[in-house]
Amino acid sequence: MDRKRTSILISGRGSNMAALIAAAAEPVFPAEIALVISNDPEANGLKMAVQNGIPTRVIAQKDYSSREEHDAAIDAALREHGSELVCLAGYMRRLTAGFVEKWSGRMLNIHPALLPAFKGLDTHAAALAAGVRIHGCTVHFVTAEVDAGPIIAQAAVPVLAEDDDARLAARVLKAEHRLYPLALSLVASSRAVLRDGKVVHPGRNPG
Ligand code: GAR
(Lines give C-alpha, C1' and ligand atoms only; values in the text may rest on other atoms or scores of the structure.)
Protein backbone atom coordinates (compact mmCIF):
# COMPACT_ATOMS: atom_id res chain seq x y z
CA MET A 1 0.00 0.00 0.00
CA ASP A 2 1.18 3.51 -0.85
CA ARG A 3 1.15 5.28 2.53
CA LYS A 4 1.20 9.06 2.21
CA ARG A 5 4.12 10.69 3.96
CA THR A 6 2.54 13.14 6.39
CA SER A 7 4.15 15.79 8.55
CA ILE A 8 2.57 17.44 11.56
CA LEU A 9 2.95 21.05 12.71
CA ILE A 10 2.43 21.72 16.42
CA SER A 11 2.89 24.55 18.92
CA GLY A 12 2.13 22.91 22.26
CA ARG A 13 0.63 19.91 24.01
CA GLY A 14 0.45 17.69 20.93
CA SER A 15 -2.44 15.43 21.90
CA ASN A 16 -3.89 15.50 18.38
CA MET A 17 -0.40 14.80 17.04
CA ALA A 18 -0.24 11.77 19.36
CA ALA A 19 -3.61 10.54 18.06
CA LEU A 20 -2.33 10.77 14.48
CA ILE A 21 0.93 9.00 15.37
CA ALA A 22 -1.03 6.22 17.12
CA ALA A 23 -3.34 5.76 14.13
CA ALA A 24 -0.43 5.72 11.69
CA ALA A 25 1.31 3.04 13.77
CA GLU A 26 -1.21 0.61 12.26
CA PRO A 27 0.31 -0.78 9.04
CA VAL A 28 -3.06 -0.56 7.25
CA PHE A 29 -3.41 3.18 7.94
CA PRO A 30 -2.96 5.02 4.61
CA ALA A 31 -0.56 7.65 6.00
CA GLU A 32 2.79 7.43 7.78
CA ILE A 33 4.19 10.22 9.94
CA ALA A 34 7.39 11.58 8.42
CA LEU A 35 8.20 14.57 10.63
CA VAL A 36 6.90 16.72 13.48
CA ILE A 37 7.73 20.42 13.34
CA SER A 38 7.17 22.82 16.23
CA ASN A 39 7.57 26.60 16.17
CA ASP A 40 8.06 26.46 19.95
CA PRO A 41 11.14 24.65 21.33
CA GLU A 42 9.26 24.07 24.63
CA ALA A 43 6.27 22.33 23.03
CA ASN A 44 5.39 19.20 25.02
CA GLY A 45 4.44 17.36 21.87
CA LEU A 46 8.09 17.29 20.77
CA LYS A 47 9.05 14.87 23.57
CA MET A 48 6.13 12.64 22.74
CA ALA A 49 7.14 12.54 19.06
CA VAL A 50 10.72 11.62 19.98
CA GLN A 51 9.46 8.84 22.28
CA ASN A 52 7.57 7.47 19.30
CA GLY A 53 10.66 7.52 17.09
CA ILE A 54 9.37 10.32 14.84
CA PRO A 55 11.93 12.84 13.51
CA THR A 56 11.37 16.33 14.95
CA ARG A 57 12.44 19.84 14.02
CA VAL A 58 12.09 23.13 15.89
CA ILE A 59 11.62 26.00 13.46
CA ALA A 60 11.08 29.06 15.65
CA GLN A 61 9.88 32.38 14.28
CA LYS A 62 12.48 34.28 16.32
CA ASP A 63 15.21 32.85 14.07
CA TYR A 64 13.71 34.44 10.94
CA SER A 65 13.22 38.05 10.00
CA SER A 66 9.84 37.66 8.30
CA ARG A 67 6.83 35.35 8.18
CA GLU A 68 7.76 34.49 4.61
CA GLU A 69 11.25 33.32 5.63
CA HIS A 70 9.85 31.35 8.55
CA ASP A 71 7.33 29.59 6.35
CA ALA A 72 10.00 28.99 3.67
CA ALA A 73 12.11 27.17 6.28
CA ILE A 74 9.10 25.04 7.23
CA ASP A 75 8.41 24.32 3.56
CA ALA A 76 12.04 23.27 3.02
CA ALA A 77 11.94 20.89 6.02
CA LEU A 78 8.66 19.38 4.82
CA ARG A 79 10.14 18.74 1.40
CA GLU A 80 13.43 17.34 2.80
CA HIS A 81 11.35 14.70 4.54
CA GLY A 82 9.34 13.89 1.43
CA SER A 83 6.06 15.15 2.90
CA GLU A 84 2.99 14.66 0.75
CA LEU A 85 0.46 15.85 3.32
CA VAL A 86 0.63 18.29 6.23
CA CYS A 87 -1.54 18.22 9.36
CA LEU A 88 -1.79 21.31 11.55
CA ALA A 89 -2.40 20.04 15.07
CA GLY A 90 -2.67 22.97 17.43
CA TYR A 91 -0.27 25.01 15.30
CA MET A 92 -1.05 28.46 16.66
CA ARG A 93 0.66 30.67 14.11
CA ARG A 94 -0.92 32.11 11.01
CA LEU A 95 0.64 30.80 7.80
CA THR A 96 1.41 33.03 4.83
CA ALA A 97 -0.84 32.88 1.77
CA GLY A 98 2.09 31.69 -0.37
CA PHE A 99 2.76 28.72 1.90
CA VAL A 100 -0.94 27.83 2.09
CA GLU A 101 -1.17 27.97 -1.71
CA LYS A 102 1.81 25.60 -2.11
CA TRP A 103 0.12 22.99 0.06
CA SER A 104 -3.41 23.56 -1.22
CA GLY A 105 -5.48 20.38 -1.04
CA ARG A 106 -2.69 18.70 0.93
CA MET A 107 -2.83 20.58 4.25
CA LEU A 108 -5.43 19.83 6.97
CA ASN A 109 -6.30 21.63 10.19
CA ILE A 110 -8.36 20.67 13.22
CA HIS A 111 -10.49 23.31 14.87
CA PRO A 112 -12.31 22.87 18.21
CA ALA A 113 -15.78 23.93 17.05
CA LEU A 114 -18.38 23.06 14.45
CA LEU A 115 -17.32 25.51 11.74
CA PRO A 116 -18.45 27.91 10.45
CA ALA A 117 -19.57 28.60 14.04
CA PHE A 118 -16.98 29.81 16.55
CA LYS A 119 -13.92 30.56 14.46
CA GLY A 120 -10.78 31.78 16.21
CA LEU A 121 -9.76 31.23 19.82
CA ASP A 122 -11.68 30.38 23.03
CA THR A 123 -14.26 28.39 21.11
CA HIS A 124 -15.61 26.53 24.15
CA ALA A 125 -16.29 29.71 26.12
CA ALA A 126 -17.95 31.16 23.02
CA ALA A 127 -20.14 28.08 22.63
CA LEU A 128 -21.19 28.22 26.31
CA ALA A 129 -21.91 31.94 26.04
CA ALA A 130 -24.02 31.39 22.93
CA GLY A 131 -26.01 28.66 24.70
CA VAL A 132 -25.68 26.08 21.92
CA ARG A 133 -26.75 22.53 22.84
CA ILE A 134 -24.42 20.89 20.28
CA HIS A 135 -20.73 21.69 19.93
CA GLY A 136 -17.83 19.76 18.42
CA CYS A 137 -14.83 19.86 16.12
CA THR A 138 -13.99 20.18 12.45
CA VAL A 139 -11.18 19.00 10.19
CA HIS A 140 -10.86 21.13 7.08
CA PHE A 141 -8.46 21.84 4.24
CA VAL A 142 -6.41 24.94 4.98
CA THR A 143 -7.04 28.01 2.87
CA ALA A 144 -5.69 31.56 3.19
CA GLU A 145 -8.70 32.63 5.26
CA VAL A 146 -8.32 31.28 8.80
CA ASP A 147 -10.81 28.57 9.90
CA ALA A 148 -12.71 28.86 6.62
CA GLY A 149 -11.41 26.06 4.39
CA PRO A 150 -13.57 23.30 2.88
CA ILE A 151 -14.76 20.86 5.53
CA ILE A 152 -13.56 17.24 5.41
CA ALA A 153 -15.23 15.87 8.55
CA GLN A 154 -16.96 16.99 11.75
CA ALA A 155 -17.88 15.41 15.06
CA ALA A 156 -20.58 16.70 17.38
CA VAL A 157 -20.77 16.49 21.17
CA PRO A 158 -23.63 17.54 23.47
CA VAL A 159 -23.31 20.59 25.70
CA LEU A 160 -24.55 19.56 29.15
CA ALA A 161 -26.20 21.81 31.74
CA GLU A 162 -23.34 21.37 34.22
CA ASP A 163 -20.58 22.09 31.67
CA ASP A 164 -17.91 24.66 32.22
CA ASP A 165 -15.15 25.51 29.78
CA ALA A 166 -12.84 22.71 30.96
CA ARG A 167 -15.48 19.94 30.93
CA LEU A 168 -16.69 20.92 27.49
CA ALA A 169 -13.12 21.23 26.17
CA ALA A 170 -12.30 17.73 27.43
CA ARG A 171 -15.36 16.23 25.72
CA VAL A 172 -14.51 17.97 22.43
CA LEU A 173 -10.85 16.94 22.67
CA LYS A 174 -11.85 13.27 22.92
CA ALA A 175 -13.88 13.73 19.75
CA GLU A 176 -10.91 15.46 18.08
CA HIS A 177 -8.70 12.46 18.76
CA ARG A 178 -11.15 10.21 16.91
CA LEU A 179 -11.96 12.66 14.12
CA TYR A 180 -8.47 13.71 13.01
CA PRO A 181 -7.20 10.19 12.18
CA LEU A 182 -10.46 9.51 10.33
CA ALA A 183 -10.15 12.70 8.27
CA LEU A 184 -6.48 12.06 7.52
CA SER A 185 -7.26 8.54 6.37
CA LEU A 186 -9.96 9.89 4.02
CA VAL A 187 -7.52 12.36 2.44
CA ALA A 188 -4.53 10.00 2.38
CA SER A 189 -6.56 7.34 0.58
CA SER A 190 -8.01 9.96 -1.84
CA ARG A 191 -11.54 9.29 -0.57
CA ALA A 192 -11.80 13.02 0.20
CA VAL A 193 -10.25 15.35 -2.35
CA LEU A 194 -10.26 19.14 -2.74
CA ARG A 195 -11.62 20.03 -6.16
CA ASP A 196 -12.64 23.53 -7.29
CA GLY A 197 -12.81 24.71 -3.68
CA LYS A 198 -15.03 21.83 -2.52
CA VAL A 199 -14.41 18.48 -0.88
CA VAL A 200 -15.49 15.65 -3.18
CA HIS A 201 -15.55 11.89 -2.56
CA PRO A 202 -14.35 10.09 -5.70
CA GLY A 203 -15.82 6.62 -6.08
CA ARG A 204 -18.61 7.15 -3.56
CA ASN A 205 -21.94 5.96 -4.86
CA PRO A 206 -24.12 9.09 -5.22
CA GLY A 207 -27.25 7.01 -4.41
C1 GAR B 1 -6.84 21.43 19.91
O2 GAR B 1 -8.03 21.52 20.65
C3 GAR B 1 -7.03 22.00 18.53
O4 GAR B 1 -8.31 21.76 17.99
C5 GAR B 1 -6.83 23.47 18.78
O6 GAR B 1 -5.76 23.54 19.69
C7 GAR B 1 -5.77 22.37 20.49
C8 GAR B 1 -4.40 21.76 20.43
O9 GAR B 1 -4.30 20.70 21.33
N10 GAR B 1 -6.53 24.18 17.57
C11 GAR B 1 -6.92 25.41 17.34
O12 GAR B 1 -7.53 26.09 18.14
C13 GAR B 1 -6.51 25.95 15.99
N14 GAR B 1 -7.25 27.12 15.68
P15 GAR B 1 -3.20 19.59 21.14
O16 GAR B 1 -1.85 20.32 21.02
O17 GAR B 1 -3.28 18.77 22.38
O18 GAR B 1 -3.53 18.81 19.90
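The values are calculated or read from the model by the stated rules, or taken from the named source; none is laboratory data. What you see is a predicted model; the values in this text were computed from it and never measured. Reconstructed Cβ throughout: ideal geometry from the backbone, glycine too, with neighbour counts over all protein chains shown. Accessible surface areas use protein heavy atoms only, side chains included; no ligands, DNA or RNA. Shrake-Rupley method; radii C 1.70, N 1.55, O 1.52, S 1.80 Å.
Per-structure values
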item	result
Percent carbon-and-sulfur accessible area, segment 88-207, ignoring ligands, DNA and RNA, probe 1.4 Å	56
Partner aspartates and glutamates for K4 [C-alpha distance under 18 Å; skip if fewer than 8 residues away on the same chain]	E26, E32, D75, E80, E84
Förster radius 30 Å - calculated FRET efficiency between E69 and A22 (Cβ-Cβ, nearest 0.05)	0.35
Cα-derived Rg over Rh, computed across the chain with Rh taken as Kirkwood radius	0.96
By average C-beta atoms within 10 angstrom, highest first, the peptides 177-188, 67-78	177-188, 67-78
Approximate spin-label separation E101-R57, in nm, with each point projected 7 Å along Cα-to-Cβ	2.2
Residue-by-residue Karplus 3J(HN,Hα) for segment 170-175, coefficients 6.51, -1.76, 1.60, Hz, glycine and proline x	5, 5, 5, 4, 4, 5
Dipole in debye (nearest 20) - segment 116-178, about Cα centre, beta carbon charges: Lys, Arg +1; Asp, Glu -1	240
Relative pair counts by distance (%), Cα atoms of segment 1-124, 5 Å bins	2, 11, 21, 24, 21, 14, 7, 1, 0
The chain - charge dipole about Cα centre, Lys and Arg +1 at Cβ, Asp and Glu -1, debye rounded to 20	500
Segment 54-135 - Kirkwood radius from inverse mean 1/r over Cα pairs (Å)	14.8
Residue (of P27, V86, Q51) at the positive-pole extreme of the chain, dipole from beta-carbon charges	P27
Rounded to the nearest 20 debye, dipole of segment 1-119 from Cβ charges on Lys, Arg, Asp, Glu	240
In Å², nearest 10: area of K119 left accessible to a 1.4 Å probe	90
